[in-house]
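Take a look at the structure below.
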Amino acid sequence: MDRGYPSLSLMFELQQQGIDYCIRMCTDWWLEVRNMIAAGQKDKIVTFKLPAKDKELLKQYHTTNENIRCRLVVVELPGGGTEVLYTSVLSKKRIPYKGFVTLYNYRWNIEEGYKLYKCRLQLEAFSGKTAHAIKQDFFAKVFMMTTTAILAFPVEEKLKLEQQQSNRKHPHKINRTNALAMIKEISCKVIIDKMIKPALNALDKILKATTEIIRPKRKFERKKIKKKPPNQNYKPL
């Protein structure tokens, strides 16, 4: 989970359900994190208690143990600065200290998935305001994403095979945005006109011709954009 998500009640529930987690902490929110950074500690097991306002969870999970035992890991970032990760994996043999940089980087694929849904598919641009319209739009776009993944899978497998048989420096992957656009183009031909084979063959050719290079550990500095002041004609109440 990304920053802003740490919640003792959420961590307690995940712990009770046997689900491991790794959450990025804000360095200036929790006292235990601030003390750990000030003391120069990098890997520490700590115990929190379930807040009084969430005591009902004890009855829900039929337990009297309100302790939340976890591990705080302070990671030095290559560009300077630190990030603090909060995890339920206490064993240093299972995940050593150095493994957390790689582990947390796997979250990036999830963020890319959110970007596809929210920016490329415009999931929140609903065509109506009723519950029925919103559900219809939501499931239609999820169906489109799933269909794209299914139809693009053979091309992805071919790219992996070609990578193993070639001497290319970097592997390739399909352009997911382009794949979504192509599915929109061919869906009418496939569903209405029943031109299944020609449409799918054309899709495979275009996806294979518009691949992207995967460059690991590539980073760019984020541009900090100043927030615009609110319009004075519409002042908040």
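The values are calculated or read from the model by the stated rules, or taken from the named source; none is laboratory data. Everything numeric in this text was worked out from a predicted model, so none of it was measured. Because the Cβ atoms are built from the backbone with ideal geometry, glycine has one as well, and the counts that use them run over all protein chains shown. All accessible areas refer to the heavy atoms of the entire protein, side chains included, with ligands and DNA or RNA removed. Shrake-Rupley method; radii C 1.70, N 1.55, O 1.52, S 1.80 Å.
Name every residue in segment 101-141 that is of a type in the set (V, I, T) and either exposed (fewer than 11 other Cβ atoms within 10 Å of the Cβ) or free of Cβ contacts under 8 Å to residues at least 12 places away in the same chain (or both), in order of residue number. Reasoning before the result, please.
To start, the set of residues in segment 101-141 that are of a type in the set (V, I, T) comprises 101-102, 110, 130, 134.
Hits for segment 101-141 are T102, I110, T130, I134.
Looking across segment 22-53, the residues that are more than 20 Å from E76 (Cβ to Cβ) and buried (at least 16 other Cβ atoms within 10 Å of the Cβ) come down to F48, L50. Exactly one residue out of R3, R24, R69 is among the charged types (D, E, K, R) and touching a residue at least 60 places away in the same chain (Cβ under 8 Å), and it is R24. Does segment 9-18 contain at least one residue that is buried (at least 16 other Cβ atoms within 10 Å of the Cβ) and not in a helix (DSSP H, G or I)? Taking every residue of segment 9-18 in turn, none turns out to be buried (at least 16 other Cβ atoms within 10 Å of the Cβ) and not in a helix (DSSP H, G or I). Scan segment 61-78 and tell me whether some residue there is closer than 17 Å to D2 by Cβ and open to solvent by 30 Å² or more (accessible area, probe 1.4 Å). Yes; the residues of segment 61-78 include at least one that is closer than 17 Å to D2 by Cβ and open to solvent by 30 Å² or more (accessible area, probe 1.4 Å). Within segment 163-186, the set of residues being under 17 Å from I206 (Cα atoms) and in contact with a strand residue (DSSP E or B) (Cβ under 8 Å, 6 or more places away or on another chain) comprises H172, K173, I174, N175.
When V190 is tested against (1) modelled with pLDDT under 85; (2) in contact with a helix residue (DSSP H, G or I) (Cβ under 8 Å, 6 or more places away or on another chain); (3) open to solvent by 80 Å² or more (accessible area, probe 1.4 Å), only condition (3) is not met.
Does M36 qualify as being in contact with a Lys or Arg (Cβ under 7 Å, 6 or more places away or on another chain), assigned to a helix (DSSP H, G or I) and hydrophobic (A, V, I, L, M, F, W, C)? Reasoning before the result, please.
Numbers: in contact with a Lys or Arg (Cβ under 7 Å, 6 or more places away or on another chain): yes; assigned to a helix (DSSP H, G or I): yes; hydrophobic (A, V, I, L, M, F, W, C): yes.
Answer is yes for this residue.
Only one of the numbered conditions (1) open to solvent by 80 Å² or more (accessible area, probe 1.4 Å); (2) closer than 18 Å to Q15 by Cβ is violated by K98, and that is (2).
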